[in-house]
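S.K.: Below are the structure tokens for one structure; questions will follow.
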Amino acid sequence: GAVFLLGSIHFMRADDYPLPPAMGAAYAACRAVVFETNIGLMQDPRVQARMLELGMLPAGRSVFDTIGPETRRRLEAKLAETGVPGAAVAGFRPWMIALTLSALEFQRLGFDPNLGVDMHFFNKAKAGQKRIAALKTVEFQLQLLAGMNAAAEEAFLALTLQDLAQAPEVASEMVGLWRSGNAQGGHDAHSRERRRQR
């Protein structure tokens, strides 16, 4: 049989729909839809609680004391820009802060996680009673984040902060390139923005 592989954008806007006809045709031809992880389970409050549990630092520790001065400066600047008090994230691990700030930034730009392409096809497959499967368990996915060492966590946060600084300029363009399947254009746009940041 045939397998269609679609890269996912987790945050999109209402005017990003309808999707290109090729995506709809690929979906229609499939008997099963396989996601990276169990999207239905990700919405379970118990999973959210588990993610929060894994994303917290030990009691009495602050993220501002665990990251280097440059990452701390960038984090404080981003928090001030978004209006999030430092005390609200001080007890989070760097990876949890990175995910939280990414979600806040894309929502601020008008993108909605409920309109992401993965949620779109998950809801469509559920309504159409297609077989739904996942490549990884939710716990495995969470442990990939929770299992990072301190250096990897800080690097993840630093790169996220760097990318979020570019988001207002490149987010819409990246969705357009994704819709058209223009991978080289995405690479060029990312490179242009990184040069501009320097």
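The values are calculated or read from the model by the stated rules, or taken from the named source; none is laboratory data. Quick caveat, the model's predicted, so the values are computed rather than measured. Note that each Cβ is placed from the backbone with ideal geometry, even for glycine, and that neighbours are counted across all protein chains shown. Just so you know, the surface numbers come from the protein's heavy atoms only, side chains and all, with ligands and any DNA or RNA stripped out. Shrake-Rupley method; radii C 1.70, N 1.55, O 1.52, S 1.80 Å.
S.K.: Residues of the range 111-142 being surrounded by fewer than 17 Cβ atoms within 10 Å (Cβ to Cβ), at pLDDT 95 or above and within 27 Å of Glu76 (Cα to Cα), which ones?
M.R.: Selection gives Asp112 alone.
S.K.: Is it fair to say Val33 is on the phi < 0 side of the Ramachandran plot, touching a residue at least 40 places away in the same chain (Cβ under 8 Å) and part of a strand (DSSP E or B)?
M.R.: On the way: on the phi < 0 side of the Ramachandran plot: yes; touching a residue at least 40 places away in the same chain (Cβ under 8 Å): yes; part of a strand (DSSP E or B): yes.
In short, yes.
S.K.: Please work out which residue is modelled with the lowest pLDDT, limiting yourself to the range 178-198 and to residues that are more than 19 Å from Glu105 (Cβ to Cβ) and within 19 Å of the chain's Cα centre (by Cα). Don't jump to the end; show me each part of the working.
M.R.: Step one: of the range 178-198, the residues more than 19 Å from Glu105 (Cβ to Cβ) are 179-185, 187-188, 191-192, 195, 198.
Next cut, within 19 Å of the chain's Cα centre (by Cα) only: 179, 183, 187.
On the way: Arg179: 89, Ala183: 76, His187: 56.
By that ranking, first place goes to His187.
S.K.: In the list Glu105, Glu70, Glu81, which residue meets the criterion of being charged (D, E, K, R), free of Cβ contacts under 8 Å to residues at least 12 places away in the same chain and out of contact with any Gly (no Cβ under 8 Å at 6 or more places or on another chain)?
M.R.: Just one listed residue meets the conditions, Glu81.
S.K.: Mind checking which residues of the range 14-32 are open to solvent by less than 50 Å² (accessible area, probe 1.4 Å), touching a helix residue (DSSP H, G or I) at 6+ places or on another chain (Cβ under 9 Å) and not hydroxyl-bearing (Ser, Thr, Tyr)?
M.R.: Those that are open to solvent by less than 50 Å² (accessible area, probe 1.4 Å), touching a helix residue (DSSP H, G or I) at 6+ places or on another chain (Cβ under 9 Å) and not hydroxyl-bearing (Ser, Thr, Tyr): Asp16, Leu19, Pro20, Met23, Cys30, Ala32.
S.K.: Ok, one more. Can you confirm whether the range 8-26 contains a residue that is in contact with a Leu (Cβ under 6 Å, 6 or more places away or on another chain) and part of a helix (DSSP H, G or I)? Full working, then the answer.
M.R.: Taking the range 8-26 as the starting set, the residues that turn out to be in contact with a Leu (Cβ under 6 Å, 6 or more places away or on another chain) are 12.
This time we only want the ones that are part of a helix (DSSP H, G or I), so: none.
No, the range 8-26 has no match at all.
S.K.: Could you check the range 93-142 and list, in sequence order, the residues that are aromatic (Phe, Trp, Tyr) and farther than 28 Å from Val170 by Cα?
M.R.: Within the range 93-142, just Phe140 meets the criteria.
S.K.: Is it the case that some residue within the range 55-67 is at positive phi and free of Cβ contacts under 8 Å to residues at least 60 places away in the same chain? Even if it seems obvious, please write down each step before you answer.
M.R.: Pass one, the range 55-67, residues at positive phi: 60.
Retained after the next criterion (residues that are free of Cβ contacts under 8 Å to residues at least 60 places away in the same chain): 60.
Yes, the range 55-67 has at least one match.
The rows are residues; the columns are (1) within 30 Å of Val33 (Cα to Cα); (2) in contact with a helix residue (DSSP H, G or I) (Cβ under 8 Å, 6 or more places away or on another chain).
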{"site": "Arg61", "(1), (2)": "no, no"}
{"site": "Phe64", "(1), (2)": "no, yes"}
{"site": "Glu70", "(1), (2)": "no, yes"}
{"site": "Phe106", "(1), (2)": "yes, yes"}
{"site": "Pro113", "(1), (2)": "yes, yes"}
{"site": "Asp118", "(1), (2)": "yes, yes"}
{"site": "Thr137", "(1), (2)": "yes, no"}
{"site": "Asn149", "(1), (2)": "no, no"}
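S.K.: Filtering the range 146-182 down to residues that are in contact (Cβ under 8 Å) with a residue 40 or more places away in the chain and β-branched (Val, Ile, Thr), which residue is surrounded by the most Cβ atoms within 10 Å (Cβ to Cβ)?
M.R.: Thr160
S.K.: Still on this structure: What residue, among those in the range 33-50 that are under 19 Å from Leu5 (Cα atoms) and open to solvent by 30 Å² or more (accessible area, probe 1.4 Å), is nearest to the chain's Cα centre (by Cα)?
M.R.: Among them, the one singled out is Glu36.
S.K.: Can you tell me which residue in the range 82-99 is nearest to Gln166 (Cα to Cα), limited to those that are at pLDDT 95 or above and open to solvent by 50 Å² or more (accessible area, probe 1.4 Å)?
M.R.: Applying the filter and picking the extreme gives Leu99.
S.K.: For a quick check of your reading of the model, give me the residue pairs whose first member lies in the range 118-136 and is closer than 15 Å to Leu19 by Cα, whose second is β-branched (Val, Ile, Thr) and at pLDDT 95 or above, with beta-carbon atoms closer than 9 Å and at least 6 apart or on different chains.
M.R.: Cβ pairs passing all conditions: Phe121/Val33; Phe122/Val33; Phe122/Ile132; Lys124/Val33.
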